[in-house]
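The values are calculated or read from the model by the stated rules, or taken from the named source; none is laboratory data. This structure is a prediction, so every number in the text was calculated from the model and none was measured. As a convention, Cβ positions derive from the backbone with ideal geometry for all residues, glycine included, and neighbour counts pool all protein chains shown.
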Amino acid sequence: MLRSVTTDGCDRMGDDSDLTLSWKPIKVMSRMETLAEIVQQTRINTATNNTRLLSKLERWQQDIKYIQECLERIEKKLVPKLEKILKIEFRNKELFQVAMFQPSTKNLFLELKTQYRGSADDPLGVEGFAEMINLSEMAKVIALVGDAVISSAVLQHLWEPHLGDAGKITQKKAKIVSNNHMAKLCDKWKLYDYRIHFDPETPSKSEMDHDKGTLLEAIYGIIYIEHEYKMIHKQVTHLINTR
């Protein structure tokens, strides 16, 4: 989860110039492993004539396995690739995993919460399930951070000592931060291939560009959380120079 902290490590809000964002790990991979184990155990203990529950358990196992595979790909392939491209190191690699969760994953965790709520076998508890259910919302918050810092950094790059045409700067900025333009860099980095989702239909181009733009914003949100604004100002040139 994201928290606002000062560089001395205190959780407080104020006008401090050294106010930054931090990430409190929620151990997504560990929790997915726990869910895999409990669902497997439930399947073993379920009577063969309870076909309805067995069908659910089989689907849950498949979905959990898919998410685990996605998380592993993000950790072992996407993060190292981006570290090489950006020439920086990321400490909290879980941020990238969370950033790739799409809203369609929420139902799986809601169903699992309903199945195990109040039982002795409850694997995550109220808080644990709440965080897993809200993974896609966390992803939106990370992207929201990225959206804000991209906009500021692009404006700084377009800044001219003698301002004479606000309309010209506004148009240039709007073009750079448009979903259509950001989708190009998203494609270059192949971020779309790492989404964690259960969406059955192929979206329209505008919907896809929006999703791609959001994914790219999330990457810049992570850069800001990990390395603060000076690094954003440096790395936003990848977006500005994309053709």
Might you let me know whether segment 203-213 holds any residue that is modelled with pLDDT under 95 and small (Gly, Ala, Ser)?
yes
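Here are some residues: 65, 27. Which one is basic (Lys, Arg) and at positive phi?
Working: 65 fails: at positive phi.
From the options 65, 27, the qualifying one is 27.
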Whether any residue in segment 59-81 is exposed (fewer than 15 other Cβ atoms within 10 Å of the Cβ) and either within 17 Å of residue 116 (Cβ to Cβ) or touching a strand residue (DSSP E or B) at 6+ places or on another chain (Cβ under 7 Å) (or both) is what I want to check.
yes
Looking at (1) over 24 Å from residue 196 (Cα atoms); (2) in contact with a helix residue (DSSP H, G or I) (Cβ under 6 Å, 6 or more places away or on another chain), which one does residue 143 not meet, given that it meets all the others?
(1)
Residue pairs, Cβ under 8 Å, 6 or more apart or interchain, first in segment 219-239 and under 18 Å from residue 79 (Cα atoms) and in a helix (DSSP H, G or I), second of a type in the set (Lys, Arg) and modelled with pLDDT under 95. List them.
226/91
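Would you tally the residues in segment 82-105 being in contact with a strand residue (DSSP E or B) (Cβ under 7 Å, 6 or more places away or on another chain) and in a helix (DSSP H, G or I)? Before you say what the answer is, go through the steps one by one.
So in segment 82-105, the residues in contact with a strand residue (DSSP E or B) (Cβ under 7 Å, 6 or more places away or on another chain) come out as 92, 95, 100-102, 105.
When the remaining residues are screened for being in a helix (DSSP H, G or I), the result is 95, 105.
Selection size over segment 82-105: 2.
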Tell me, yes or no, whether segment 114-133 has at least one residue that is part of a loop (DSSP other than H, G, I, E, B), crowded, with 16+ Cβ neighbours inside 10 Å, more than 19 Å from the chain's Cα centre (by Cα) and in contact (Cβ under 8 Å) with a residue 40 or more places away in the chain.
yes
Within the set of pairs 6 or more residues apart or between chains, which connect a residue that is under 13 Å from residue 104 (Cβ atoms) inside segment 193-207 to a residue that is among the hydrophobic types (A, V, I, L, M, F, W, C) and assigned to a loop (DSSP other than H, G, I, E, B) with Cβ atoms less than 7 Å apart?
195/100; 196/100
Give segment 224-240 a look and list any residue that's modelled with pLDDT under 95 and among the polar types (S, T, N, Q), or say none.
none
Looking at segment 35-81 only, could you name the residues that are in a helix (DSSP H, G or I), under 23 Å from residue 124 (Cβ atoms) and polar (S, T, N, Q)?
40, 41, 42, 45, 55, 61, 62, 68
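Name the residue, out of 169, 196, that is among the hydrophobic types (A, V, I, L, M, F, W, C), over 22 Å from the mean Cα position of the chain (by Cα) and surrounded by 13 or more Cβ atoms within 10 Å (Cβ to Cβ).
On the way: 196 fails: over 22 Å from the mean Cα position of the chain (by Cα).
Result: 169 is the single residue among 169, 196 that is among the hydrophobic types (A, V, I, L, M, F, W, C), over 22 Å from the mean Cα position of the chain (by Cα) and surrounded by 13 or more Cβ atoms within 10 Å (Cβ to Cβ).
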Could you please tell me which pairs satisfy a Cβ distance under 7 Å, a separation of 6+ or placement on different chains, a first residue in segment 92-109 that is more than 22 Å from residue 220 (Cβ to Cβ), and a second residue that is not in a helix (DSSP H, G or I) and not aliphatic (A, V, I, L, M)?
104/197; 104/198; 104/199; 105/197; 105/198
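When the residues of segment 139-183 are filtered to those that are assigned to a loop (DSSP other than H, G, I, E, B) and of a type in the set (D, E, K, R), which remaining residue is farthest from residue 229 (Cα to Cα)? Step through it out loud before you land on a result.
At the first step, the residues of segment 139-183 found to be assigned to a loop (DSSP other than H, G, I, E, B) are 159-165, 177-178.
Next, from what is left, pick out any that are of a type in the set (D, E, K, R): 160, 165.
Details: 160: 20, 165: 26 Å.
Here the answer is 165.
Residue-by-condition table, conditions (1) β-branched (Val, Ile, Thr); (2) under 25 Å from residue 90 (Cα atoms):
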position	(1), (2)
145	yes, yes
160	no, no
181	no, no
220	no, yes
(1) free of Cβ contacts under 8 Å to residues at least 60 places away in the same chain; (2) under 22 Å from residue 191 (Cβ atoms) all hold for residue 54 apart from (2)
